[in-house]
Amino acid sequence: MIAPVEPRSHTLEMPFAAGRSFLKVDRISKSFSRGSATTEVLREVSLGIEKGEFVSIIGHSGCGKSTLLNLVAGLTQVSHGAILLEDHEVNAPGPERAVVFQNHSLLPWLTVYENVALAVDKVFGSRKPRAERRAWVMHNLELVQMAHAKDKRPAEISGGMKQRVGIARALSMEPKVLLLDEPFGALDALTRAHLQDSVMQIHARLGNTVIMITHDVDEAVLLSDRIVMMTNGPAATIGEILDVQLPRPRRRLELVAHPIYLAMREAVLKFLYERHAQPALLAAE
Ligand SMILES: Nc1ncnc2c1ncn2[C@@H]1O[C@H](COP(=O)(O)OP(=O)(O)OP(=O)(O)O)[C@@H](O)[C@H]1O
Ligand SMILES: [Mg+2]
C-alpha cells in the first residue's frame, strides 16, 4: 500500500513574500478600463522566483494568467505594484524575457532558419560575427530537434514542429526568463508529450528560469518545481503554491504511480474543482 503524502504547500495565511528573488512580482494589480467601466483582473499578486526555477501557473479560463505573463513580458503595464528582474523594473518588452505563445507566431514568408535568425540578428547582430550567429541559430534548432527542417517554411511543417521552432527562437535570445503561455495547448496528446520531454531536457541542460501557463494538471506536475494556483477572477490572486518535490530527471512512465505525483495531482484538482470551482461549473451541477 502506498502511504499518503501530504503535499507541501503555502496557503493563504502565508504571504507569498517575494524576498530577494531573481524575479520579483511585488503586490501587483492590473485593471482594464473601457469607457467609464474598470475591471480589476489581478489584485495584490506577489511571487518570487529563483534563478533556474520552473514555475507553472494554473487557474480557470479568464482568471488572468495571460495577463500576469504579459505583465512579466512587459507587453502591458501594471496598475499598481512592480515587477523586478534582477532588481531592474520591468516596464517594456525585452529579449531577456522571451515569450512563446500557444499559437506559434512565426513569420510565414521566412524559413525555419530565417525565423530564428531574425531574433538572433536582432539580439546579437552587433556583438557576434556572422558565422557565430549562424552556428548559434543551428545550435538552437538542434536543441529542439528541428535542424533538419531549417529550409522549410511554417506552412510546410506540423503544429508541433512550429512550436519547437518558436521555442528555439525564444531560447536563441538567451533569455533570463522564458515565458510560455500554454505552449502545447493546441497540440495532440502525443506531440504534447514529446515537446514536454524536450522542454524538460532543455531546462535540465540550460537551467533556464521558466514560467509556464497551463491548463493541464499532469503537465504542471511533471514539469514544475512549483505550481502557482490562481483564484477565479475578477480581482484574481494567488490562492496557493505547491512545491513539487519530485526528483529530476523525471520520466513520465515512472511517475504515474509515484505517491508524490499522485498527491500533487490531487491537490491541484481539489484546488481547481472543489475550492475554486468556476461559478458556472457549480451552477451546472
Ligand atoms: N487588453 C484587455 N482589455 C480588457 N480586458 C482584458 C484585456 N486582456 C485581458 N482582459 C480580461 O482579463 C481577464 C483575464 O484574461 P486572461 O487572458 O489573462 O485570462 P487567462 O487566465 O489567460 O484565460 P485563458 O485560460 O482562457 O487563456 C478576462 O476577463 C479578459 O477579458
Ligand atoms: Mg490565457
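All of the numbers you see were taken from the coordinates with simple rules; none came from a lab. Quick caveat: nothing in here was measured; it's all calculated off a predicted structure. Backbone-built Cβ (ideal geometry, glycine too); neighbour counts: all protein chains shown.
Along region 68-79 the Karplus relation, 6.51 cos²θ - 1.76 cosθ + 1.60 evaluated at θ = phi - 60°, assigns HN-Hα couplings of 5, 5, 5, 5, 5, 5, x, 7, 9, 10, 5, 7 Hz to successive residues, with x for each Gly and Pro. Converting phi to 3J(HN,Hα) with the Karplus coefficients 6.51, -1.76 and 1.60 and the offset θ = phi - 60°, region 142-151 yields 5, 4, 9, 6, 10, 4, 5, 9, 4, 9 Hz in sequence order, with x at every glycine or proline. When each of the peptides 134-144, 102-112 is scored by how many other beta carbons lie within 10 Å of its residues on average, the order from highest to lowest is 134-144, 102-112.
Seen from a random direction on average, the alpha-carbon convex hull of the chain projects onto 17.6 square nanometres.
Converting phi to 3J(HN,Hα) with the Karplus coefficients 6.51, -1.76 and 1.60 and the offset θ = phi - 60°, region 31-40 yields 10, 10, 10, 9, x, 8, 8, 10, 10, 8 Hz in sequence order, with x at every glycine or proline.
The modelled label-to-label distance for the pair Lys152/Leu253, using points 7 Å beyond Cα in the direction of Cβ, is 2.6 nm.
Under the criterion of Cα pairs below 8 Å and six or more residues apart, the relative contact order for the chain equals 26 percent. In this structure the amide hydrogen of Leu178, modeled in the peptide plane, comes within under 5 Å of the amide hydrogens of Thr209, Val210, Ile211, none closer than 5 places in sequence on its chain. Hydrodynamic analysis of region 107-174 uses the Kirkwood radius over alpha carbon pairs. Inserted into Stokes-Einstein at 37 °C and 0.692 mPa s, it gives a translational diffusion coefficient of 284 µm²/s.
Comparing mean-square fluctuations of Lys176, Lys51, Lys30 from a GNM of the chain with C-alpha springs under 10 Å, the top value falls on Lys51. For region 107-174, the Cβ-based charge dipole about the Cα centre amounts to some 100 debye (Lys, Arg positive; Asp, Glu negative; other atoms uncharged). Applying a DSSP loop filter and a limit of 12 other Cβ atoms within 10 Å to the GluC sites (Glu not before Pro) in region 29-124 leaves Glu86.
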